[in-house]
Amino acid sequence: MISFIRNENMKIYKRKRTWVMIAIVLLYVLVQIVNLKAAGSGTTSDNWRAQLEQENVQFSKEAANPDALKIEIKQAEKRTMLNQYYLDQNIPPSTNAWSFVVSQVRNIIFTTSLISVIIAGEIVSAEFVSGTIKLLLTRSASRTKIYLSKYIAAILFGLSLSAASILVSILLGGFVFGFDGLVDSYFYVKDQAVREVPTLQALLAGYVLNIPFLLITITLTFMISAAFRSTTFSIVISLLVSMTGFSIAIAMDGWAWTKYFVFSHTDLTPFLYGNPSVDGLTLGFSLIFIVLHLAVMHLISYPLFVKCDVS
């Protein structure tokens, strides 16, 4: 099995377009840093207290807006509490490499997941379209081994790309904002109170607790690729579903029906550093819901893959 996984990884990294897509992820990180720097983040102004008080006035207006989405109200209330905490504790807010990456972990994994969708779509359907799947089958390899090796290789690629993107974000952010702050606290709002944890802990937790999005999107791509065996179709549909699901999960955050929407469970950080989007929602329910969706998608894609005719 290990040799098959190694073979799939070699095929992934030999493609020039793989490195082009990796460069796109790094460009995204750089753009975020430039935007933050242009907005004045990373430096503490002498009148930071007045700025926070002005922000709180604006946040109060946003929270009182009857047309505001639930997620907008929640974010405004959370920012108000954090700003007030900074004022009460006389803590000037500033951006450093670590706080920047913590704030961007979810977006980084979202971006790397979309890249992984393209890779996953290619290593499944492209093999059938080009006929190279026959070369694997002539090595006396079972289709189960081929299926698992491709799936594991796609997951490993996504995890590695996400981890590498986070490390690059730390380096680039450090050059722009400074590397100080690793031992500082990360402040968050949970149960209507401001709490704190070590920044490194928040960073590692953010990476691990956003992995479900990567798993769901890659498994979805495998299912669609196995069903239609069209590289372009499977990639386009998977990207559309992933991006739409991600957007709906954010926009509809707080609505009761999202409890049964899988993309609302792909970011588990609120269970540690916030509050669940729906009252009564538990970490156990989210994990079971994710596992059930993964199982169903494999139950669809695996039979289609192993029974598919090779032309």
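The values are calculated or read from the model by the stated rules, or taken from the named source; none is laboratory data. Please read these numbers as outputs of a predicted model, since none were measured by experiment. Positions of Cβ are generated from backbone atoms using ideal geometry, with glycine treated the same way; all protein chains shown enter the neighbour counts.
What to note about this one:
- Residue count for region 87-107, restricted to those that are of a type in the set (Gly, Ala, Ser) and in contact with a helix residue (DSSP H, G or I) (Cβ under 7 Å, 6 or more places away or on another chain): 2.
- The residue of region 16-36 that is modelled with the lowest pLDDT, among those that are of a type outside the set (A, V, I, L, M) and exposed (fewer than 12 other Cβ atoms within 10 Å of the Cβ), is ASN35.
- Within region 168-196, the set of residues being β-branched (Val, Ile, Thr) and either more than 21 Å from SER277 (Cα to Cα) or not assigned by TED's automatic domain parsing to the domain that holds SER113 (or both) comprises VAL168, ILE170, VAL176, VAL183.
- Members of region 87-128 that are at pLDDT 85 or above and aromatic (Phe, Trp, Tyr): PHE110
- Applying the criterion of being β-branched (Val, Ile, Thr), in contact with a Phe, Trp or Tyr (Cβ under 8 Å, 6 or more places away or on another chain) and farther than 16 Å from LEU304 by Cα to the residues of region 205-236, the residue that is surrounded by the most Cβ atoms within 10 Å (Cβ to Cβ) is ILE218.
- Qualifying residue in region 292-302 (condition: of a type in the set (A, V, I, L, M), under 22 Å from ASP253 (Cβ atoms) and out of contact with any Cys (no Cβ under 6 Å at 6 or more places or on another chain)): yes
- Meets criteria (closer than 24 Å to LEU82 by Cβ and modelled with pLDDT under 85) for PRO270: no
- Residue that is surrounded by the fewest Cβ atoms within 10 Å (Cβ to Cβ) [pool: residues in region 1-15 that are assigned to a helix (DSSP H, G or I) and of a type in the set (D, E, K, R)]: LYS14
- Of all residues in region 262-276, those that are touching a residue at least 40 places away in the same chain (Cβ under 8 Å), closer than 21 Å to THR244 by Cβ and outside any loop (DSSP other than H, G, I, E, B) total 3.
- Out of PHE187, PHE213, PHE157, PHE233, sole residue that is within 23 Å of LYS37 (Cα to Cα) and aromatic (Phe, Trp, Tyr): PHE187
- Condition check for ARG106: under 27 Å from the mean Cα position of the chain (by Cα), among the charged types (D, E, K, R) and within 30 Å of SER238 (Cα to Cα): yes
- Filter pass, SER230 being more than 22 Å from GLU77 (Cα to Cα) and of a type outside the set (A, V, I, L, M): yes
- Neighbours by Cβ (under 6 Å, 6+ apart or cross-chain): first from region 11-38, within 17 Å of VAL117 (Cα to Cα); second of a type in the set (Phe, Trp, Tyr): ILE12/PHE157
- Tabulated pairs, region 53-66, first closer than 21 Å to ASP88 by Cα, second of a type in the set (S, T, N, Q), C-beta under 7 angstrom, 6+ apart or interchain: GLU55/ASN83; ASN56/THR80; ASN56/ASN83; ASN56/GLN84; PHE59/THR80; SER60/THR80
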